[in-house]
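Please treat every number below as a calculation from the coordinates, not as lab data. In this text the structure is predicted, and so the values were computed from the model without any measurement. Glycine also receives a Cβ, built like all others from the backbone with ideal geometry; neighbour counts cover every protein chain displayed.
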Amino acid sequence: MTAQNMDTIILPDLISTCPFKLECNQEYEIVSAETDAWLNSYGISNSESMTKYNRFWALAYPHASRTTLRNTSDAMTLMFMIDDLFDTSYGKGISDKTKQQLFKNIVDCFQPAGSFKPLTPFTTALHDWWQRMLDSTTPHFQEHFLNAYRIGVETVLSVLADKKTGQSVPDLETYIRIRRKTSFGDAGLAFIEYIFDIVLPDECWSNEALQHLSDCVTDVAAFANLSTLFLDKIIYLSHIEYIQSGMTAHDTGTIILPDLISTCPFKLECNLEYEIVSAETNAWLTAYGILYSESMTKYNLYWALIYPHANRTRLGNTCDAFTLFFLIDDLLDTSYGKGISDKTKQQLLKNTLDCFQPTGSFKPLTSFAEALRDWWQRMRYSATPHFQERFINSYRIGLETILSLLADKKTCQSVPNLGTYIRIRRKTSFGDVGLAFIEYIFDIILPDECWSNEALQHLMNCVIDISAFANDIYSFNVEQIHDQYNLITVLMHDDSSLTIQQAMDRAGQMIIDRYNDFERIRREIPSWGKEIDAQVEKYINEATCIVSGNLHWRFEIPKYFGIQTEEVKRARCIKLLSPKTALRGSMIDRKNKEKI
């Protein structure tokens, strides 16, 4: 099909020629669910195709907080649905007069409470939304939004009225002036003021250059109505200089984290049993005298995110064990150089491995080990021998690798090359342990032929690598204080010309490459018959939840970014902690020592 084909047209390439970066708000799925529930409370059914409207606002306002994105999504999704209703019903029972009445009723939504009479559930919801906004927005935004929206609706009403007397096509300049109003572009721009608390003096708004800039945004969005992706890119970026808060890559003390969440192809879900299971795990830990702070309860959320389809019993057993592992890891991390020697760490870690010995031969050194031991006795009666074998083998390999690294610290501080580091990291991340629990939770029993299949092994390595590399990226700022190496420092060690930002970008690309590898390899998995294929498919689907849950959870705890987690998730900018000045020298010194 070519342009010479009279029945075919080729759309202009607007996306690859667009100079602006595309991003997606990381609160999208949560906000989308909240907006859908809000619409449903008014009896407004938001069909699957209509949920894409929520994604529009996540793309148009990628840096909005959860609350401001939610308020924006509620209103704009309503307006989209009203517009869709008129379009799909055009000439099918809704007269122009009725449309005019409905549009006027929309404008009336913004009257004071008590003086408004809604004609539809849409206007009831919109009126209630506006009453909410009156308490949370500036008078300046309210005036800007109302004026822009009123002008847009009045222009639409005028166009509808003109249809009765003539169908003449306006000239280009007239059309552009009309289209700027009927596209409601100024209303979309007004939300930038609301979302980012922007209050500019009248001198700015009356500035001809700024007005022209805003017109460019509105025109591109309106003219490119065929391509919502392009429209999404445009809306916020024309005003980016006003909303970036000065945090850029050119700031020598700042690094920009790679965008791992919006590029992730896997859906985020949360287990509905989360709160009940969390309370049960907390009570179980308390019974062993293990104090469980408020921030630590976020560990239970982790398992609810990576195993969203587990039943209550299986999720509870999983939470009990893994929360213990997290607490032990946290204890050793936060006590680094503060009274716990490497020898003591080795003893404590070995003691956790001894938990899985036969009854009667184990002596716990800590309450953690005692609790873990009792958990394992419980699991022996509810888990298959196949799971028990895979779990213990995976845990033993991971623990022995950590013990080996602790022993090596006495004699060598060399940084491994990238290939060696990846092999080590796959073990120390305990990724195989997390995957083994998929077998337990969903009663998956696959023959050895499946586990030895190269494609399936590669697929699981992708899952492990993504989770481990993401942790390295997010924890880098904290770990570099102690001169500990991870993926970022390994990349800089392999290529001493890399800056921290360049190493971050390269690490992010490694994760994106593995997203793509996963999707490609998934199509290469062979068939082992209908029954086994169904189990393999279930295993792979649940493995994707480990990826998405892992990425999102890192922003639910203060371990990586302190109290700035929400801001870092939104802007992806972090200030390097003080040892940054010594990092490059440390990398070079290590290379020189290794040469000697």
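Here are some notes:
- Formal net charge of residues neighbouring Ile30 (Cβ-Cβ distance under 10 Å; K, R +1; D, E -1): -1
- Label zone at Asp329, where the point sits 7 Å out along the Cα-to-Cβ direction: the stretch 561-577 residues whose backbone N lies under 18 Å: 561-562
- Here the stretch 355-433 is assigned +1 on the Cβ of each Lys and Arg and -1 on the Cβ of each Asp and Glu. Its dipole about the Cα centre then comes out at about 120 debye.
- Taking a Cβ cut-off of under 14 Å around Ser367, the surrounding Lys, Arg, Asp and Glu residues balance to a net charge of -1, with basic ones at +1 and acidic ones at -1.
- Annotation: amide H-H contacts under 5 Å for Thr254 (H modelled 1.01 Å from N, sequence separation of 5 or more, or interchain): Leu576.
- Likely footprinting exposure, Thr138, Thr323, fewest C-beta neighbours within 10 Å first: Thr138, Thr323
- When only the Cβ of Lys, Arg, Asp and Glu is charged (+1, +1, -1, -1), the dipole of the stretch 254-595 relative to its Cα centre reaches about 980 debye.
- Given charges at Cβ of Lys, Arg, Asp, Glu: the stretch 384-467 dipole, positive-most of Leu459, Leu406, Leu446: Leu406
- In this simple spin-label model, placing a label point 7 Å from the Cα along the Cα-to-Cβ direction at both Glu519 and Asp533 gives a separation of 2.3 nm.
- The stretch between Ser41 and Ile397 holds 123.0 nm of extra length on full extension. This uses 0.36 nm per residue minus the Cα-Cα distance.
- Modelled FRET efficiency - R0 41 Å, Asp219 with Gln502, Cβ distances, 0.05 increments: 0.65
- Alpha-carbon centroids, the stretch 357-403 and the stretch 128-155: separation in whole Å: 60
- Cβ-based exposure ranking for Cys355, Cys319, Cys24, in which fewest neighbours within 10 Å come first: Cys24, Cys355, Cys319
- Arranged from fewest to most other beta-carbon atoms within 10 Å of their beta carbon, Arg554, Arg390 become Arg390, Arg554.
- Loop sites in the stretch 522-561: GluC sites (Glu not before Pro), DSSP, at most 13 other Cβ within 10 Å: Glu524
- Backbone geometry of the stretch 311-325 corresponds, through the Karplus equation with coefficients 6.51, -1.76 and 1.60 at θ = phi - 60°, to 3J(HN,Hα) couplings of 6, 4, 5, 5, 5, x, 5, 5, 4, 4, 5, 5, 5, 4, 4 Hz, x marking Gly and Pro.
- Segment Glu389-Ile30, extension gain: residue separation times 0.36 nm, minus the distance between their alpha carbons: 125.5 nm
- Size of electric dipole in the stretch 404-476: Cβ of Lys, Arg +1 and of Asp, Glu -1, about Cα centre, debye, nearest 20: 560
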